[in-house]
Amino acid sequence: MKLVIGIVRPERANEVLEALHRADIRGYSISRVQGHGGEVDRVETYRGTTVKMELSEKLRFEIAVSEPYVQPTIDAICAGARTGEVGDGKIFVLDLEQAVRIRSGEKDAGAVTPVGQ
Ligand SMILES: Nc1ncnc2c1ncn2[C@@H]1O[C@H](COP(=O)(O)OP(=O)(O)OP(=O)(O)O)[C@@H](O)[C@H]1O
Ligand SMILES: [Mg+2]
């Protein structure tokens with residue numbers, strides 16, 4: 001299992017959600033975050049150099065998936081989030097040790113696969 005983290009533009013949320021739905025990915029968490037992706041707002045020079053860092057609003061998707069869904073999840077986030085302009089976001093993939101569905105006690109792949117699939 002992997003935990004796929006996608007940090008995307010908030011205005012692409014619907015496109016990402018639709019792409020995930022088309023790929024049969026039905027479980028995720030979304031939070032609002034602020035981040036920095038290398039953009040430099042302003043450089044002031046006064047007794048040395050000061051670089052002012054700018055924070056931008058992003059959405060963070062966290063999606064726990066079994067192995068067959070890892071690449072489809074990455075592809076769905078890319079398809080939904082890409083505009084081609086700088087700041088489209090990032091995807092991080094982490095090993096996930098364990099998942100538990102609290103209601104049933106199901107574990108791991110059985111816990112991250114939506115009920116009914
Ligand atoms: N190395 C990183 N670690 C953690 N979060 C990051 C990292 N890089 C970017 N992010 C997050 O992703 C958001 C979007 O980053 P961004 O798309 O600007 O990445 P980038 O690598 O600079 O790509 P681009 O060249 O398209 O701007 C940032 O605002 C931040 O929330
Ligand atoms: Mg950037």
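Taking Gly80, is it touching a Cys at 6+ places or on another chain (Cβ under 9 Å) and not acidic (Asp, Glu)?
So Gly80 does not fit the description; no.
Which of the residues belonging to the range 85-112 are hydrophobic (A, V, I, L, M, F, W, C) and within 16 Å of ligand 2 (Cβ to nearest atom)?
Listed by number, the residues that qualify are Val86, Ile91, Phe92.
For every residue, the table says whether it meets (1) β-branched (Val, Ile, Thr); (2) within 16 Å of ligand 2 (Cβ to nearest atom); (3) at pLDDT below 95; (4) surrounded by 15 or more Cβ atoms within 10 Å (Cβ to Cβ).
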position: Arg26; (1), (2), (3), (4): no, no, yes, no
position: His36; (1), (2), (3), (4): no, yes, yes, no
position: Glu39; (1), (2), (3), (4): no, yes, yes, no
position: Val70; (1), (2), (3), (4): yes, no, no, yes
position: Ile74; (1), (2), (3), (4): yes, no, no, yes
position: Ile77; (1), (2), (3), (4): yes, no, no, yes
position: Thr83; (1), (2), (3), (4): yes, yes, no, no
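Are there any pairs, at least 6 apart or on different chains, whose C-beta atoms fall under 8 Å, with the first in the range 54-75 and farther than 21 Å from Glu106 by Cβ and in contact (Cβ under 8 Å) with a residue 60 or more places away in the chain and the second of a type in the set (Val, Ile, Thr) and in a strand (DSSP E or B), and if so, which?
Ile74/Val4; Ile74/Ile91; Ile74/Val93
Under 8 Å between Cβ atoms, which residue pairs at least 6 apart in sequence (or on different chains) link something in the range 13-42 that is closer than 14 Å to Lys58 by Cβ with a partner that is of a type in the set (S, T, N, Q) and in a strand (DSSP E or B)?
From residues that are closer than 14 Å to Lys58 by Cβ, the pairs are Gln34/Ser56; Gly35/Ser56; His36/Ser56; Gly37/Ser56; Glu39/Ser56.
If I filter the range 50-68 down to residues being surrounded by fewer than 15 Cβ atoms within 10 Å (Cβ to Cβ) and of a type in the set (A, V, I, L, M, F, W, C), which single residue comes out as modelled with the lowest pLDDT?
Residue satisfying both the conditions and the ranking: Val51.
The values are calculated or read from the model by the stated rules, or taken from the named source; none is laboratory data. Note that this is a predicted model, so its numbers are computed, not measured. As a convention, Cβ positions derive from the backbone with ideal geometry for all residues, glycine included, and neighbour counts pool all protein chains shown.
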